[in-house]
Amino acid sequence: MASLLGTDGLPIRDSGIWAKEKLHYLEHYLNIFFIGMRKKWPGKLYYIDLFSGPGRCHIRETGEEIDGSPLIALRFDFAKYFFFEMDPDCHKALDARIKTRAPNKNITLTQGDCNQGIGNIKPPASPALGLAFIDPTGISQISFETIQKLTLNRRIDLIINFPEGMGIRMNLHQYTGKETSALNTFIGTNRWQGRFQEALTSFPQACHEIAAEYLENLRSLGYQIVDGSQIPVMTNQNRLLYYLLFASKNPKGNEFWKKIGVINPHGQRKLFP
Ligand SMILES: C[S@@+](CC[C@H](N)C(=O)[O-])C[C@H]1O[C@@H](n2cnc3c(N)ncnc32)[C@H](O)[C@@H]1O
């Protein structure tokens, strides 16, 4: 990782303004989730961050330094936290920040590939309710098989950075065989390929179908995804970067998610929430 340092002297993640937007939605959701669930699930709520980063982000456009997803989650009182980070420098920085911010919390921080380490997550005794934030930088970083393993026989809500714009739409036309197979591993199936070959639709249409296939695959794991549950995150030129996609096995989770989409990070209420 580039060695940009934060005010605490540790590496921080250099990010575009959209990271602030994404983290706004995460924090907003955690607020609603916590208020709604803490009494019902005392000592049973847990948080998973599969792509934690170093814990702090530098926003290029504004020069601000803000908490990244793991440090935002530490503001809430989850019974257990499971953080994964592959990059050794990011891992070290996060480890140091956790020790300063939350020395007494029950945190398992793993350095390495979350796809390999997914089996090491040990939630509070059942019944427990988890929330996983899944924020890769590319489709090759997480397989659908990992999502299957993460969610099998568990009640766990998912917030997924689904890279329909950045990772898929911008690159689909130039995918090589290797990249196509990375996309299949990410989606979990390759039905989209058949449809794409049968009728050459537009790229936006193909991307839409790929996203729809991902949602279908999540549904096959017991997730209910309601229409309009995806929040688009755009660049400052108003181009789609990715969707934040929410999935829950319980309709209540979807209700919470719909609430967070109503007001955007600039405080503006959407016309058609
Ligand atoms: C988009 S950043 C995460 C940002 C963080 N969620 C935040 O909001 O501050 C993705 C991070 O995942 C890490 N990473 C990439 N592949 C990984 C993998 N397979 N397992 C765990 N971490 C990974 C990268 O080193 C990077 O720090």
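Numerical summary
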{"read-out": "Residues of segment 235-252 satisfying the condition of being in contact with a helix residue (DSSP H, G or I) (Cβ under 6 Å, 6 or more places away or on another chain), of a type in the set (A, V, I, L, M) and either within 15 Å of residue 29 (Cα to Cα) or at pLDDT 80 or above (or both)", "value": "244, 247"}
{"read-out": "Flag if residue 115 is at pLDDT below 95 and within 29 Å of residue 249 (Cβ to Cβ)", "value": "no"}
{"read-out": "Test: residue in segment 7-18 that is within 12 Å of the ligand (Cβ to nearest atom) and surrounded by fewer than 18 Cβ atoms within 10 Å (Cβ to Cβ)", "value": "yes"}
{"read-out": "Number of the exception - residue 34 against (1) within 10 Å of the ligand (Cβ to nearest atom); (2) within 21 Å of residue 131 (Cβ to Cβ); (3) not in a loop (DSSP other than H, G, I, E, B)", "value": "(1)"}
{"read-out": "Single match in 119, 138 (criterion: surrounded by fewer than 20 Cβ atoms within 10 Å (Cβ to Cβ), farther than 27 Å from residue 233 by Cβ and either among the small types (Gly, Ala, Ser) or within 16 Å of the ligand (Cβ to nearest atom) (or both))", "value": "119"}
{"read-out": "Pair list, Cβ < 8 Å and 6+ apart or interchain, from segment 114-140 residues that are touching a residue at least 12 places away in the same chain (Cβ under 8 Å) to residues that are polar (S, T, N, Q) and part of a loop (DSSP other than H, G, I, E, B)", "value": "115/143"}
{"read-out": "Boolean, residue 148 is out of contact with any Asp or Glu (no Cβ under 7 Å at 6 or more places or on another chain), more than 22 Å from residue 242 (Cα to Cα) and assigned to a helix (DSSP H, G or I)", "value": "no"}
{"read-out": "Pairs with Cβ under 8 Å, 6+ apart, first in segment 50-79 and farther than 15 Å from residue 10 by Cα, second more than 10 Å from the ligand (Cβ to nearest atom) and small (Gly, Ala, Ser)", "value": "50/132; 59/16; 60/16; 61/16; 74/102; 79/43; 79/128"}
{"read-out": "Number of the exception - residue 185 against (1) of a type in the set (Val, Ile, Thr); (2) at pLDDT 85 or above; (3) assigned to a strand (DSSP E or B)", "value": "(3)"}
{"read-out": "Condition met for residue 159 (modelled with pLDDT of 95 or more and either surrounded by 18 or more Cβ atoms within 10 Å (Cβ to Cβ) or assigned to a loop (DSSP other than H, G, I, E, B) (or both))", "value": "no"}
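The values are calculated or read from the model by the stated rules, or taken from the named source; none is laboratory data. Model, not experiment: these values are computed from the prediction. Please note: Cβ atoms are built from the backbone with ideal geometry, for glycine as well, and neighbour counts cover all protein chains shown.
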